[in-house]
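*Asks:* Structure in structure tokens, see below.
The values are calculated or read from the model by the stated rules, or taken from the named source; none is laboratory data. This is a predicted model, so every value here is computed, not measured. As a convention, Cβ positions derive from the backbone with ideal geometry for all residues, glycine included, and neighbour counts pool all protein chains shown.
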């Protein structure tokens, strides 16, 4: 703790009328008696010393220096402040886990303690790698007499008051009596990232009376970070991974109405019959996409039929896994396939309505396939992931229809197709969108989402015109089927 830190501040001639200043990072506020010595750039006046957190200000007259210097030093002895340990992260045997240890040759997790004297540990959590897992604090005080542990984990700085007193807000304070078990473990999901400070204080007791913990008292503090779910989510949940903006989050998918980080809260658990109805609705409602597949084959839209069939299969498997433990493969894989096939089905339907020539159509299909794969992997739950394929498909379709109307000086598609096919398809799609975006809640999710499946599957039946070899070759004659 004791030491001297000097920061040189060189003044430019163009700002010689202003006093140099320095913005201190928040970490420096931990040192309660930092002295700031500054000198005006235009003349060599006496340097003033200010003690941060100290009500008294003392004036000193140090030796004058030739250059303009701002010096920060801390003149407290080791006994005046709580010990501060800088921890580093090291990989463990598990590739997804890391632990934080003291920055020493042995990289140990053993810390000397004194009764009612806090110790401070500081470490960094990476904003990409460390945000979506579990931060675990484990304290082993087996050598101490009737210990009581208190600790506080926060980002703004150590939980220290008046240099050495432990002080933590109630909403951050964690305490545990280790008299009987001597060991305790705390799990914190989705930790905040950045530079964190863990302030820990031990108190020892003898027949309820405070006592010293011992001359060379030590505790073991295991700080670790693991990319997993709490307890594997137990028998009422499934550990799942969600990707958002390139970051993976591990969380529990709870079944049967169980809630909580580890699916242990049964206050809202469902009856098994009610749960069975939910699973059947979410899975069997995908049969409507199978009907769309058959119609697409009948109309010679083979690429679209493959996409509709993939949506039928993957949506059924995904919702079976999402609402029960019937997972034929990894949950995240099924989720990706469900979203990707859905994005592609919407995009391919719009391109089919555009009636492009085969070469341009295949090119647009490939561009859409790559983008939909990227969107489904990067952030499949965001609004733009579905808006971009929809708006792109609508743009291509509008340009194509506008070009055809300009060429033939008449409405395209025909009025009959607008009334019997396109408008009903749009209405069904809007109904499904309203149900899933405006009316859906956690309680009625299985009903609203099943309606969404049915509406989207039926809407794919209407707009797509029939595709035949005659229309590919003859274009837009009056008898063309595409009208």
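*Asks:* Got at least one residue in the stretch 285-306 being in contact with a strand residue (DSSP E or B) (Cβ under 9 Å, 6 or more places away or on another chain) and either in contact (Cβ under 8 Å) with a residue 40 or more places away in the chain or buried (at least 20 other Cβ atoms within 10 Å of the Cβ) (or both)?
*Replies:* Here is the first cut: in the stretch 285-306, the ones in contact with a strand residue (DSSP E or B) (Cβ under 9 Å, 6 or more places away or on another chain) are none.
No; the residues of the stretch 285-306 include none that is in contact with a strand residue (DSSP E or B) (Cβ under 9 Å, 6 or more places away or on another chain) and either in contact (Cβ under 8 Å) with a residue 40 or more places away in the chain or buried (at least 20 other Cβ atoms within 10 Å of the Cβ) (or both).
*Asks:* Continuing with the same structure: Looking for whichever is assigned by TED's automatic domain parsing to the domain that holds residue 224, modelled with pLDDT under 85 and within 23 Å of residue 217 (Cα to Cα) here; the options are 116, 201. Which one fits?
*Replies:* Values: 201 fails: modelled with pLDDT under 85.
Exactly one residue qualifies, and that residue is 116.
*Asks:* Okay, next question. Could you please find all residues in the stretch 276-307 being under 38 Å from the mean Cα position of the chain (by Cα) and outside any helix (DSSP H, G or I)?
*Replies:* 285, 286
*Asks:* Now, a different point. Among the numbered conditions (1) closer than 29 Å to residue 370 by Cα; (2) touching a helix residue (DSSP H, G or I) at 6+ places or on another chain (Cβ under 6 Å); (3) not in a loop (DSSP other than H, G, I, E, B), tell me where residue 332 comes up short.
*Replies:* (2)
*Asks:* For the stretch 176-254, which fully contained strands (runs of 3 or more DSSP E) count at least 1 residues that are within 23 Å of residue 88 (Cα to Cα) and under 16 Å from the mean Cα position of the chain (by Cα)?
*Replies:* Working: elements: 183-189, 194-206, 209-211, 218-226, 237-244, 247-254.
Qualifying strands (runs of 3 or more DSSP E): 183-189, 194-206, 218-226, 247-254.
*Asks:* Using beta carbons and a limit of 6 Å, which pairs, at least six apart or on different chains, have the first residue in the stretch 417-431 and assigned by TED's automatic domain parsing to the domain that holds residue 350 and the second one buried (at least 16 other Cβ atoms within 10 Å of the Cβ) and in a helix (DSSP H, G or I)?
*Replies:* Matching pairs, first to second residue: 425/459; 428/455; 428/458; 428/459; 429/459; 431/455.
*Asks:* Any idea how many residues of the stretch 255-265 are more than 15 Å from residue 132 (Cβ to Cβ) and either assigned by TED's automatic domain parsing to the domain that holds residue 319 or within 18 Å of the chain's Cα centre (by Cα) (or both)? Write out each step before concluding.
*Replies:* Taking the stretch 255-265 as the starting set, the residues that turn out to be more than 15 Å from residue 132 (Cβ to Cβ) are 255-260, 262-265.
Narrowing further to those that are either assigned by TED's automatic domain parsing to the domain that holds residue 319 or within 18 Å of the chain's Cα centre (by Cα) (or both): 260, 262.
The qualifying residues number 2.
*Asks:* Residues being surrounded by fewer than 13 Cβ atoms within 10 Å (Cβ to Cβ) and more than 20 Å from residue 455 (Cβ to Cβ): count how many of those fall in the stretch 411-428.
*Replies:* 2
*Asks:* Yes or no: the stretch 255-268 includes at least one residue that is assigned to a helix (DSSP H, G or I) and either touching a strand residue (DSSP E or B) at 6+ places or on another chain (Cβ under 8 Å) or over 24 Å from residue 333 (Cβ atoms) (or both). I'd like the intermediate steps shown before the answer.
*Replies:* Let us first name the residues in the stretch 255-268 that are assigned to a helix (DSSP H, G or I), namely none.
So far as the stretch 255-268 goes, no, none of its residues is assigned to a helix (DSSP H, G or I) and either touching a strand residue (DSSP E or B) at 6+ places or on another chain (Cβ under 8 Å) or over 24 Å from residue 333 (Cβ atoms) (or both).
*Asks:* A further question on this structure: Against the condition in the same structural domain as residue 293 (by TED's automatic domain parsing), in contact with a helix residue (DSSP H, G or I) (Cβ under 8 Å, 6 or more places away or on another chain) and closer than 21 Å to residue 293 by Cβ, how does residue 375 come out, does it pass? It would help to see each step written out before you state the result.
*Replies:* On the way: in the same structural domain as residue 293 (by TED's automatic domain parsing): yes; in contact with a helix residue (DSSP H, G or I) (Cβ under 8 Å, 6 or more places away or on another chain): yes; closer than 21 Å to residue 293 by Cβ: no.
Spelling it out, it is not the case that residue 375 is in the same structural domain as residue 293 (by TED's automatic domain parsing), in contact with a helix residue (DSSP H, G or I) (Cβ under 8 Å, 6 or more places away or on another chain) and closer than 21 Å to residue 293 by Cβ.
*Asks:* I'd like the full set of residues that are within 26 Å of residue 249 (Cα to Cα) and free of Cβ contacts under 8 Å to residues at least 40 places away in the same chain, limited to the stretch 174-202.
*Replies:* Going residue by residue through the stretch 174-202, those that are within 26 Å of residue 249 (Cα to Cα) are 174, 184-198.
The answer is 174, and nothing else.
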